[in-house]
Amino acid sequence: MTTSTPPGTARATLTDPAQLIASLPYLLGFTPADSAVLLGHRPPGTRVGLILRADLPPRELVAQQADSLVPRFIVDDHVGVTAVLVGGRAAPDGEPPHAEFAEELRRAFHEYELPIFHPLWTAEITAGAPWRCYRDAGCGGKLPDPRSTVVAATTTKAGFVAFRSREEVEALLEPRSPEAVARRRAMLSGATPPWRAADELTAAAAEIRTAFFRHRRDPGPLSDDEAVRLAHAVAVTPVRDACLATAVPGESPVALAAADFWLSLVRELPSPHRAEVASLLAYAALMRGEGVLAGLALTNALDADPEHILARLLRTAWDLGTRPSRLAGLASLSDAVDLGLSAVELAETEEPPPSASEP
């Protein structure tokens, strides 16, 4: 299993091996274990590009695993790679484990004329854990506290959260109430939108704006009626596409709030409607450089609707490690402004007061 984070995630230049290893939970979004983490370097070599995590392979598959990982780094302007292997115990003489896999990675990258600058190992990513270089027996030491790194400070300030494991990230997307989701699937079966066809665009956009502000006031669970109305609203493709602009610019407070809103709807809506909001969550995560969340959201979207065009497009971009700046053009700002669904419009629009029907 692999996960990737697009270039642009790192907010700092990393040159010290111990600091780089300790920064991985904040670069990936979770603490990797029993993993191979590959960090692409962009010119001049100290800037982090694509970050790819994969499970450590069994011994009989080390060559195949190495060959499968390398091509992901060829599509962008990487000048080299740092490989960090996480897990296992060092030998009594201090020799790090997984040396065969480290050598296969060196061989595979060399075939594409990409050097591995640093092949590194650590037992685990926690304060005081041992780390070693594969090439230099004198290169090694103890890891600093991951929370003390520059990357931890900068990503935390930007609103990123580092989870203890990948499973914790997966749990974020699980239905809040499977029973409620099942009820809503039945309610949506054969149902028509709660507005006139002539009012579809403005009514669907208004539904989403109202729910967005309501979620910021109270992020609690939706009623069945609210969930069904939102399912109809995000199914209006021009409105769904306009919602992409809530993620631009990715560092804005509205973009962070919108990502949290789409995440909440992933947990509330049944398939196939869930594919719409899962795709919006994936786009928001990609624009913020949160590749792990983006990948999981896209899996969620394609599970809900395997033929979903936007999800398939974003999945291709995610697989290639496409830079967030190259995806910004997917958000049509003019359409979003017309419907009041851009990050700028939502930030400048005064939050509407609760209606008489709201608690």
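For the subset of the stretch 46-77 comprising residues that are farther than 23 Å from Ile125 by Cβ and modelled with pLDDT under 85, which member is surrounded by the most Cβ atoms within 10 Å (Cβ to Cβ)?
So the residue we want is Asp76.
Could you check Val277 against (1) part of a helix (DSSP H, G or I); (2) out of contact with any helix residue (DSSP H, G or I) (no Cβ under 6 Å at 6 or more places or on another chain) and say which number it fails?
(2)
Output yes when any residue across the stretch 67-81 is under 20 Å from Cys139 (Cα atoms) and either in the same structural domain as Leu52 (by TED's automatic domain parsing) or not in a loop (DSSP other than H, G, I, E, B) (or both), and no when none is. I'd like the intermediate steps shown before the answer.
From the stretch 67-81, those under 20 Å from Cys139 (Cα atoms) are 80-81; that's our starting set.
Checking the rest, the ones that are also either in the same structural domain as Leu52 (by TED's automatic domain parsing) or not in a loop (DSSP other than H, G, I, E, B) (or both) come to 80-81.
So far as the stretch 67-81 goes, yes, one or more of its residues are under 20 Å from Cys139 (Cα atoms) and either in the same structural domain as Leu52 (by TED's automatic domain parsing) or not in a loop (DSSP other than H, G, I, E, B) (or both).
Restricting the stretch 275-302 to residues that are farther than 22 Å from Leu24 by Cα and among the β-branched types (Val, Ile, Thr), which is surrounded by the fewest Cβ atoms within 10 Å (Cβ to Cβ)?
Step by step, filter the stretch 275-302, then rank; the result is Thr299.
What's the number of the only condition in (1) in a loop (DSSP other than H, G, I, E, B); (2) within 30 Å of the chain's Cα centre (by Cα); (3) of a type in the set (A, V, I, L, M, F, W, C); (4) surrounded by 14 or more Cβ atoms within 10 Å (Cβ to Cβ) that Ala90 fails to meet?
Result: Ala90 passes all but (2).
For the stretch 52-66, which residues satisfy the criterion of being under 24 Å from the mean Cα position of the chain (by Cα) and not in a helix (DSSP H, G or I)?
Correct list: Leu52, Arg53, Ala54, Asp55, Leu56, Pro57.
With (1) at pLDDT 85 or above; (2) in a strand (DSSP E or B); (3) surrounded by 23 or more Cβ atoms within 10 Å (Cβ to Cβ) as the list, and Leu24 as the residue in question, which single condition is left unmet?
(2)
Among the residues of the stretch 303-331, write down those that are assigned to a helix (DSSP H, G or I), surrounded by 19 or more Cβ atoms within 10 Å (Cβ to Cβ) and more than 15 Å from the chain's Cα centre (by Cα). Step through it out loud before you land on a result.
So in the stretch 303-331, the residues assigned to a helix (DSSP H, G or I) come out as 303-304, 309-319, 324-326, 328-330.
Restricting the remaining residues to those that are surrounded by 19 or more Cβ atoms within 10 Å (Cβ to Cβ) gives 304, 310-311, 314-315, 317-318, 324.
Answer for the stretch 303-331, where residues must be assigned to a helix (DSSP H, G or I), surrounded by 19 or more Cβ atoms within 10 Å (Cβ to Cβ) and more than 15 Å from the chain's Cα centre (by Cα): Ala304, Leu310.
Taking the stretch 286-313, which residues are touching a Phe, Trp or Tyr at 6+ places or on another chain (Cβ under 9 Å) and modelled with pLDDT under 90?
Matches in the stretch 286-313: Leu286, Arg288, Gly289, Glu290, Gly291, Val292, Ala294, Gly295.
When the residues of the stretch 102-134 are filtered to those that are out of contact with any helix residue (DSSP H, G or I) (no Cβ under 9 Å at 6 or more places or on another chain) and assigned to a loop (DSSP other than H, G, I, E, B), which remaining residue is farthest from Pro43 (Cα to Cα)?
So, considering only residues that are out of contact with any helix residue (DSSP H, G or I) (no Cβ under 9 Å at 6 or more places or on another chain) and assigned to a loop (DSSP other than H, G, I, E, B), the one farthest from Pro43 (Cα to Cα) is Gly128.
Just one of the numbered conditions (1) within 29 Å of Thr299 (Cα to Cα); (2) assigned to a loop (DSSP other than H, G, I, E, B); (3) at pLDDT below 75; (4) not polar (S, T, N, Q) is not true of Asp335; which one?
For Asp335, the failing item is (2).
The values are calculated or read from the model by the stated rules, or taken from the named source; none is laboratory data. Since the model is a prediction, treat every value here as computed from it, not as a measurement. Don't worry about glycine lacking a Cβ; one is built from the backbone with ideal geometry, like all the others, and counts go over all protein chains shown.
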